[in-house]
Amino acid sequence: MLSRIHKIQEALKQEKLDGWLLFDFKRSNPLANDILQLDSTVTRTRRWFYFIPARGTPTKLVHRIETSSLDSLPGQTRLYAEWKELVQELRILLSRSKRVAMEYSHKGEVPYISRVDGGTVELIRSLGVRVATSGNLIQFFESRITPEQIKDHQRTAGLLHHFVQKAFHKVA
């Protein structure tokens with residue numbers, strides 16, 4: 001996961017973003033879960049945030065009831081229990097950020113990306129932070145074919161070609 005975090009940080013620098021604030025509540029943001037490669041069998045019933053800064057160490061912000069919910073991820077853990085604490089922790093977490101990516105799509109133009117609810121986007125903006133779409137980041141990290149997948153496709157194409165040729169010879 002650390003190498004993935006470093007790649008994300010490089011992409012954040014290229015996109016001129018201060019960080020990527022990933023958020024979820026009861027699996028409402030499957031993109032965040034996929035990006036972070038979280039175990040889908042773990043139940044998370046409270047809001048969580050994971051902030052990957054363009055430079056530095058990521059931070060987990062989780063509810064006191066579910067302190068271990070993001071233990072698979074690197075970084076320090078900060079806790080909240082009530083709304084005021086959540087807002088205060090977010091203020092601290094984002095204090096050095098002017099512009100962060102979230103799963104947000106301007107005016108809902110790309111509904112596949114728009115996974116963070118409007119209230120959460122408003123909350124982040126109320127802290128003086130501009131919210132940018134994470135669309136380019138998601139495309140880069142989730143929508144690209146890997147070298148292993150390319151080899152898999154090539155192997156499958158070779159097998160398919162072989163079997164089609166055999167079938168044509170039997171028919172002929």
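A full extension of the chain between L127 and A167 corresponds to an added length of 7.9 nm, given 0.36 nm per residue minus the alpha carbon distance.
In a simple Cβ point-charge model (Lys, Arg +1; Asp, Glu -1; nothing else charged), the stretch 2-145 has a dipole of about 380 debye relative to its Cα centre. Of the DSSP beta bridges with both residues in the chain, give the percent that are antiparallel, rounding to the nearest 5. Antiparallel bridges: around 45 percent, rounded to the nearest 5. Shown in residue order for the stretch 152-169 are the 3J(HN,Hα) couplings computed by the Karplus curve 6.51 cos²θ - 1.76 cosθ + 1.60 at θ = phi - 60°: 4, 4, 5, 5, 5, 4, x, 5, 4, 4, 4, 5, 5, 4, 4, 5, 5, 5 Hz (x for Gly and Pro). In terms of its alpha-carbon gyration tensor, the stretch 89-146 comes out oblate; a/c meets the 1.5 threshold, while b/c is at least as large as a/b. Residues considered: S134, S68, S105. Largest GNM mean-square fluctuation over the chain, using C-alpha springs under 10 Å, is found at S68.
Selection among M102, V129, L38 by position relative to the dipole of the stretch 2-145 gives V129 as farthest towards the positive end (Cβ unit charges, Cα centre). Label separation (V87 vs H153): 4.9 nm, computed from points 7 Å beyond Cα along the C-beta direction. In this structure, the amide hydrogen of R78, modeled 1.01 Å from its nitrogen in the peptide plane, lies closer than 5 angstrom to those of K60, L61, V62, counting only residues at least 5 positions away or on a different chain. For the chain, what is the convex hull volume of its Cα atoms per residue in Å³? Here the figure is 148 Å³ per residue. Test of understanding: extend the Cα→C-beta vector of N136 to 7 Å, then name every residue of the stretch 2-21 with backbone N under 17 Å from that spot. Correct set: 7-21. Among R96, R115, R155, the largest mean-square fluctuation in a Gaussian network model of the chain (Cα springs under 10 Å) belongs to R155. In the stretch 2-145, taking the dipole from charged Cβ atoms about the Cα centre, the farthest positive-side position among T120, Q9, W83 is held by Q9.
Taken about its Cα centre, the stretch 98-172 carries a charge dipole of about 240 debye when Lys and Arg each add +1 at the Cβ and Asp and Glu each add -1 at the Cβ.
Rule-based calculations on the coordinates, nothing more; no lab input. On a predicted model such as this, the values are computed, not experimentally measured, just so you know. Backbone-built Cβ (ideal geometry, glycine too); neighbour counts: all protein chains shown.
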